[in-house]
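Student: Before anything else, here's the structure in question.
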């Protein structure tokens with residue numbers, strides 16, 4: 001499977017369907033209702049391959065005819081049946097994806113039809129593995145043996161002396177390092193793209209790679225925490241073995257039981273270069289309050305002091321214009337790179353003529369505290385909202 005060189009940010013905003021039903025109940029329903037009921041806004045049918053009905057594979061319907069690119073996904077039952085519900089009126093590309101398969105040819109159709117689909121069995125293990133979750137590929141990374149800890153530094157084994165145990169090293173690999181931002185193991189990370197440049201070795205390529213993008217400083221710092229030389233060698237060895245044809249040792253299992261009753265809707269919005277951070281659709285201080293019902297979901301764009309929104313009901317995305325600064329005077333050079341993290345919608349306010357408001361919070365370096373209004377200088381936290389409202393304590 002070839003993936004786009006430019007990745008559009010998408011976010012799964014809807015997951016639904018009967019998770020309270022037991023597997024036995026579901027099987028009974030399948031046996032009692034062999035027919036597939038397809039409504040005017042649905043698509044349904046049977047997925048089969050040369051081996052017969054394909055259970056536990058995904059059926060994907062995607063359209064670009066709405067306000068923003070949208071896709072809906074469901075999983076087939078034991079008999080290979082599926083129903084894609086509540087599709088907005090549009091033309092859709094529909095295809096089958098699953099473990100042990102390669103993507104089937106896309107079929108163009110519209111809602112309200114019965115559509116049987118032919119699944120395509122992967123011709124070999126390498127082709128099948130291209131659809132494995134990223135973690136299966138990432139698990140191929142070779143971690144230094146326990147005997148290598150504590151690290152002895154650049155003049156020793158290359159592992160940072162701050163890494164006292166293998167567990168601390170694994171914590172960086174699995175939790176606190178690259179994976180905080182990246183889906184390590186997907187094709188974009190396990191393959192060295194030619195566009196990165198020409199290098200004599202994968203070690204050189206990884207040295208260049210971690211210096212790329214808005215978060216280069218964080219990536220360099222994380223490698224330094226592990227021990228730069230050894231970390232670069234480990235990741236270079238990982239991509240070299242994959243390039244040579246090595247595959248994950250384990251194979252993922254297809255969805256089972258109630259997992260097959262999840263309906264996922266995905267909207268592809270914002271821009272190819274947006275660095276999206278926090279997402280929210282309600283007031284996190286009181287999430288059960290009736291606020292923003294069927295309204296847009298807001299996302300902060302880190303390091304850009306902007307906010308993007310998407311309406312799941314209207315299938316449309318947009319950017320919120322940059323709001324006035326909350327600083328007492330124009331921000332000094334460099335403050336525009338402050339991290340925009342939490343966003344928080346609030347109910348319509350009489351003071352805003354009934355308009356819906358979205359509060360945005362900046363992570364401000366301590367060196368910039370002097371540029372904040374005096375009432376915020378004594379704040380126990382270095383986060384303050386961009387609009388002229390009281391400071392927000394963050395957990």
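The values are calculated or read from the model by the stated rules, or taken from the named source; none is laboratory data. Keep in mind that what you see is a predicted model, and the values were worked out from it rather than measured. As a convention, Cβ positions derive from the backbone with ideal geometry for all residues, glycine included, and neighbour counts pool all protein chains shown.
Student: Residue 273 is checked against (1) part of a helix (DSSP H, G or I); (2) free of Cβ contacts under 8 Å to residues at least 40 places away in the same chain and fails just one. What number does that condition carry?
Tutor: Going through (1) part of a helix (DSSP H, G or I); (2) free of Cβ contacts under 8 Å to residues at least 40 places away in the same chain one by one, residue 273 breaks only (1).
Student: Residue by residue through the stretch 53-75, note down the ones that are without any contact (Cβ under 8 Å) to a residue 24 or more places away in the chain and assigned to a strand (DSSP E or B).
Tutor: Step one: filter the stretch 53-75 for residues without any contact (Cβ under 8 Å) to a residue 24 or more places away in the chain, giving 64.
Hits for the stretch 53-75: nothing passes.
Student: Considering only the stretch 276-310, how many residues are at pLDDT below 70, crowded, with 16+ Cβ neighbours inside 10 Å and on the phi < 0 side of the Ramachandran plot?
Tutor: The qualifying residues number 5.
Student: Can you name every residue in the stretch 180-226 that is modelled with pLDDT under 90 and either in a helix (DSSP H, G or I) or more than 17 Å from residue 238 (Cα to Cα) (or both)? Lay out the reasoning, then the answer.
Tutor: Going through the stretch 180-226, the residues modelled with pLDDT under 90 turn out to be 180-182, 212-218.
Residues satisfying the conditions are 180, 181, 212, 213, 214, 215, 216, 217, 218.
Student: Cβ-Cβ distance below 6 Å, separation of 6 or more or different chains: which pairs start in the stretch 227-242 with a residue that is within 12 Å of residue 157 (Cβ to Cβ) and end on one that is outside any helix (DSSP H, G or I)?
Tutor: Final answer for the pair search is 227/151; 227/158; 227/159; 227/160; 229/158; 230/158; 230/159.
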